[in-house]
Amino acid sequence: MTNHGVGIIGCGMIAEFHTRAIQEIPGARVVAAWSRTPANGQKIAALAGGCPIHDDLDRMLETPGLDVVCVCTPSGAHLEPALKAAAAGKHVVVEKPLEITVERCDAIIAACSAAKVSLCTIFPSRFAPANVLLKKAIDAGRFGRLTLGDTHVKWWRTQAYYDSGGWRGTWALDGGGALMNQAIHNVDLLAWLMGDVATVTALTGTLAHERIEVEDAAVAALRFKNGALGVIEAATCAYPGLQKRIEIHGDQGSARVEQDDVTLWSFRDPAPGDDAIQAAIAARSTGNSGASDPRGISHEGHRAQLADFLAAIDAGRPPLVDGREGRRAVEIIRAIYRSAEIKTGVDLSRE
């Protein structure tokens with residue numbers, strides 16, 4: 001792999017995951033960071049083994065050897081640094097969501113395309129072995145006709161979590177609540193596995209938290225373009241927080257992934273490897289979870305995705321999760337919000 005110098009833009013909690021991941025990729029290192037908060041910047045510098053911390057983004061982008069940036073600012077503040085980085089000729093990684101509206105996602109995609117730099121959105125769940133296994137089974141036709149696909153992210157966040165940052169729980173910077181901030185990973189997975197969504201009908205509510213503008217509970221019924229039906233449930237008001245779950249059903253098989261483990265694997269026609277999967281199900285132990293603690297996840301997914309992104313740059317190919325993939329999850333969530341607002345179904349082809 002070619003050597004890559006990476007800059008971290010925004011040094012909050014998620015920047016720690018990016019920094020740890022980069023430090024574990026051969027040939028990659030964090031060479032600079034930008035932060036409005038000196039203490040956060042120093043934490044990232046320490047994790048990176050020492051790097052300059054800037055409060056001027058333009059100056060950070062001039063760092064010698066810097067060719068990739070990771071945008072880790074609050075969700076509704078991804079656009080501006082991404083545009084600056086692209087204009088400076090840097091490849092751009094954006095922590096989920098790509099942005100908080102489809103229009104702002106499109107602006108990032110267009111800027112990176114015009115600058116001929118690579119763009120990816122962070123969706124590390126796609127790199128979990130259980131989800132890769134599920135995708136391969138779908139692509140191989142093992143489910144037959146897909147009939148149902150659903151995901152449930154019933155998590156818990158304390159009031160202190162929302163009170164800890166002025167941007168949390170706001171439309172302007174969080175872009176939404178349980179859907180846009182927490183469940184977006186599984187919204188992406190569901191669309192990746194089941195295909196594009198045609199229509200959504202949804203309800204949302206703020207049921208267990210104060211001083212937030214956004215939802216802490218949401219349910220949506222989906223019709224996919226292939227005719228299959230689906231459900232999305234998302235919450236940060238479900239104490240004590242349950243493991244996230246995704247289920248795929250067809251007329252020839254069913255499978256379930258809880259957290260990052262396969263917990264159901266049943267097909268009409270057996271295939272080599274099924275016995276090993278069943279044995280792993282029987283031996284399953286609880287994995288890492290962000291169900292009640294935002295820090296309760298591993299950075300391994302970030303490492304795998306960032307390694308793919310850097311390899312894609314070297315090979316001149318698109319990354320596995322590009323900007324348009326990031327846009328799709330935001331489009332679905334915005335349609336869910338729109339449906340809840342107008343109290344009727346929303347046709348995504350018309351949005």
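Laboratory data are not the source of any read-out in this text; all were calculated from the coordinates shown. Only a predicted model underlies this, so the values are computations on that prediction, with no experimental measurement involved. Don't worry about glycine lacking a Cβ; one is built from the backbone with ideal geometry, like all the others, and counts go over all protein chains shown.
Only residues that are buried (at least 22 other Cβ atoms within 10 Å of the Cβ) and closer than 16 Å to Trp171 by Cβ were counted across the stretch 197-214, and they come to 2.
If we only count helices (runs of 4 or more DSSP H) wholly inside the stretch 83-192, which ones have 2 or more residues that are surrounded by 24 or more Cβ atoms within 10 Å (Cβ to Cβ)? Step through it out loud before you land on a result.
On the way: elements: 102-115, 129-139, 159-163.
Qualifying helices (runs of 4 or more DSSP H): 102-115.
Has the stretch 207-216 got any residue that is within 20 Å of Pro124 (Cβ to Cβ), outside any strand (DSSP E or B) and not hydroxyl-bearing (Ser, Thr, Tyr)? No, the stretch 207-216 has no match at all. Taking the stretch 27-67 as the range and being of a type in the set (A, V, I, L, M), closer than 25 Å to Ala311 by Cβ and in contact with a helix residue (DSSP H, G or I) (Cβ under 7 Å, 6 or more places away or on another chain) as the test, the residues that pass are Ala28, Val30, Ala32, Ala33, Ile44, Leu47, Ala48, Leu61.
Here is a yes/no grid of residues against (1) touching a His at 6+ places or on another chain (Cβ under 9 Å); (2) not aliphatic (A, V, I, L, M):
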residue: Ser75; (1), (2): no, yes
residue: Ala82; (1), (2): no, no
residue: Val94; (1), (2): yes, no
residue: Pro129; (1), (2): no, yes
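Go through the stretch 308-351 and give me each residue that's within 13 Å of Arg126 (Cβ to Cβ) and out of contact with any His (no Cβ under 8 Å at 6 or more places or on another chain). Spell out the reasoning first.
Of the residues in the stretch 308-351, the ones within 13 Å of Arg126 (Cβ to Cβ) are 308-309, 319-322, 325-326, 328-329.
Answer for the stretch 308-351, where residues must be within 13 Å of Arg126 (Cβ to Cβ) and out of contact with any His (no Cβ under 8 Å at 6 or more places or on another chain): Asp308, Pro319, Leu320, Val321, Asp322, Glu325, Gly326, Arg328, Ala329.
If you check Ala217, Ala238 for being buried (at least 19 other Cβ atoms within 10 Å of the Cβ) and in contact with a Leu (Cβ under 6 Å, 6 or more places away or on another chain), only one passes: Ala217.
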